[in-house]
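The values are calculated or read from the model by the stated rules, or taken from the named source; none is laboratory data. Model, not experiment: these values are computed from the prediction. Counting neighbours? That spans all protein chains shown, and the Cβs are built from the backbone with ideal geometry, glycine included.
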Amino acid sequence: MTGFSNRFLIGHAVGIAGVAIIVAAVAIAVFAPLIAPVPASQIDLHARLVPPAFVEGGSAKHFFGTDNLGRDILARLIYGSRISLAVGTAAALLGAVIGSLMGILAGYFGGRVDAAISWFVDVQLAFPFTLLAIFLLGTLGGGFYAVVIVLALATWVNYARVVRAQVLTVKVQDYVLAARAVGVGTPRTLWRYIFANSTAPIIVVASFSTAQAILTQAALSFLGVGIDPSIPSWGAMLNDGREYLQKAWWIATFPGLAIALTVLGVNLFGDWLRDRLDPRSAR
Amino acid sequence: MTSPLLEVKDLDVHFGALHAVRAVSFSVAPGETLGVVGESGSGKSTTMLAVLGLHPKRQGTVTASRLEFDGEDLLSKSDRAMRDLRGRRVGLIFQDPLAALNPLMTVGRQIGEVLVRHHGLDKHASRAEAVKLLERTGVPDPLRRAAQFPHQFSGGMRQRVMIAIALAGRPELLIADEPTTALDVTVQAEIVRLIRDIQQASGMGLVWITHDLALMARVADRVMVMYAGAVVEEAPVDRLYATPRHPYTAGLLGSIARLDQPRGVRARAIAGTPPSMDQPIGGCAFAPRCPLRFDKCTVAPPLIPLGDGVRAACWRLSGEQA
């Protein structure tokens, strides 16, 4: 009995920690102009490569230090959260729309439709995504929307697979037959009866896909494709700091930690959601 | 005799190699109750779903020399015309009312679905009508209940909701597929009474599928006994129970456990199991289990008319004896 309740409480504590991290990250992104000590792109060539405040030689003016152009790392981290969260969420949502639609079609119609969609999923999973993303962003050109679309292409397969499996189990339920038995048409059956009863796993996949999109977006910025480098983003900061890793470790370290922490938060939340929403796992 | 509401002749259903329904013929007149009995897998439900065109085309092949509802051929109807028919002119009640209700829609909306679809009511009117239907099917406090979800209902109440859905289109034919099997005995009696009352009030035709022979004796006018996907006997209800003609029917009736028999008299089971349906059945399907089989049984017997609306498929009844 105590084992059960302990697990229950620990599970909740982990979930709440995840939610807290997400809420904090969103708040920072929304209120960035109010929190940031200085504008993110303010260059101060007199204060280049200043170490963080808590390190010898650091200055209280720049808590996390400055980069090679004297820009404040903390300010850039705060503004950089906007890109990471916006891109991550938008990509996960767009991926959810595309993936769910494909999953429903594959699961419901089966046969050739299923074979075709599953083939696309398999091909995409077998293809190194970073390569595909660099190629697509090279041809599409960069920009916020291009990155969101490319990242949605990275995540749709997650949804398609899960939704397809769910639809396969839901479509044989009696209430679907009952709906058809009273003359409900196919589009409405798909939407109100099959899709409506397939949504629980979508929410879980959405959380993991958001984490994946944030990570991939950072990787793309690091590689120098995608978002305009003049906009502060965590991935681009990592890239900037790479050259100075020996001299000024803080430039790359703090954005790296920010990415890790945010992704961790989203994943913890996703784990907790999965346990809550999946009736088969112990509560 | 009035012209039948539903007339089925030589209906066959195949799922790939599986021959699930074999040359089934029957008819239902307005106001009449046709009982369909048979064990699990004997093709009772499959037959009815085929009549309604509810088998996915890719999986099942349905053929019949005649499949008419109110004089209209159902096999040549388009999908759209069949959707117009289902729920409005023909209602269907399922065995397990929890499984047959969408867990994410309030029962009021699920009843309203039929009204919007078939009677063109708007949301507001369909809601009011759904409440009336719940009241008619004996759901207490229908106004509040209409806004609730299926899991908030007990088994008997859920079946009342299913009946309300089936009645929403004011069907001329109601197909009840084991409507009381999933219910408590006390609730069963109420549901049976409800369906019968509604039938008497509306004069609709009723097809009642069950494997409960005691129940069948109470509800049906005529009974059709199915075995291994085929009809083995069809007779008016009193005739069937008084003088079962087919050995399988006799076996079924003999296998009922009765309280009015002396202690020690046990219900007799029919030895053996039904044949597997994915291979061709040579001869009479029941022959391997039949106590009366003889050499003629290697040929499949036709349904032999025996007068007074009795038909049975057994060579013993054709006057030919071993």
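In table form, for the structure just shown:
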read-out	value
Odd one out for residue B:113 among (1) crowded, with 16+ Cβ neighbours inside 10 Å; (2) facing chain A (nearest Cβ under 9 Å); (3) in a loop (DSSP other than H, G, I, E, B)	(3)
Helices (runs of 4 or more DSSP H) enclosed by region A:168-283 - at least 2 residues per element that are among the β-branched types (Val, Ile, Thr)	A:200-222, A:250-277
Among the candidates A:257, A:238, A:261, residue that is of a type outside the set (Gly, Ala, Ser) and in contact (Cβ under 8 Å) with a residue 40 or more places away in the chain	A:261
Qualifying residue in region A:182-205 (condition: of a type in the set (Val, Ile, Thr), closer than 30 Å to residue B:81 by Cα and in contact with a strand residue (DSSP E or B) (Cβ under 7 Å, 6 or more places away or on another chain))	yes
Any hit, region A:154-166, residues being more than 30 Å from residue A:233 (Cβ to Cβ) and without any contact (Cβ under 8 Å) to a residue 24 or more places away in the chain	no
Filtered residue count, region A:155-176, keeping only those that are under 18 Å from residue B:86 (Cβ atoms) and out of contact with any helix residue (DSSP H, G or I) (no Cβ under 8 Å at 6 or more places or on another chain)	1
Residue match in region B:58-71 (condition: in contact with a helix residue (DSSP H, G or I) (Cβ under 9 Å, 6 or more places away or on another chain) and more than 27 Å from residue B:313 (Cα to Cα))	yes
All positions within region A:171-212 that are touching a residue at least 40 places away in the same chain (Cβ under 8 Å) and within 11 Å of chain B (Cβ to nearest Cβ)	A:171, A:194, A:195, A:198, A:200
Considering residues of region B:55-82 that are touching a residue at least 12 places away in the same chain (Cβ under 8 Å) and closer than 15 Å to residue A:177 by Cβ only, the residue nearest to the other protein chains (Cβ to nearest Cβ)	B:82
Selection from region B:289-306 of residues that are more than 21 Å from residue B:270 (Cβ to Cβ) and without any contact (Cβ under 8 Å) to a residue 60 or more places away in the chain	B:295, B:299, B:302, B:304, B:305
Those residues of region A:82-131 which are farther than 13 Å from residue A:159 by Cα, of a type in the set (A, V, I, L, M) and more than 18 Å from the chain's Cα centre (by Cα), in sequence order	A:113, A:115, A:116, A:123, A:126, A:131
Residue within region B:41-48 that is within 14 Å of another protein chain (Cβ to nearest Cβ), closer than 23 Å to residue A:108 by Cβ and touching a residue at least 24 places away in the same chain (Cβ under 8 Å) present	yes
Flag if residue B:71 is more than 19 Å from residue B:233 (Cβ to Cβ), modelled with pLDDT under 90 and buried (at least 21 other Cβ atoms within 10 Å of the Cβ)	no
Which listed residue, of A:159, A:108, A:79, A:145, is in a helix (DSSP H, G or I) and buried (at least 24 other Cβ atoms within 10 Å of the Cβ)	A:159
Region B:86-101, residues that are touching a His at 6+ places or on another chain (Cβ under 8 Å), on the phi < 0 side of the Ramachandran plot and either facing chain A (nearest Cβ under 7 Å) or without any contact (Cβ under 8 Å) to a residue 60 or more places away in the chain (or both)	B:88
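Conditions (1) surrounded by fewer than 21 Cβ atoms within 10 Å (Cβ to Cβ); (2) in a loop (DSSP other than H, G, I, E, B); (3) touching a strand residue (DSSP E or B) at 6+ places or on another chain (Cβ under 8 Å), marked per residue:
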position	(1), (2), (3)
B:36	no, no, yes
B:46	no, no, yes
B:76	yes, yes, no
B:80	yes, no, no
B:91	no, no, yes
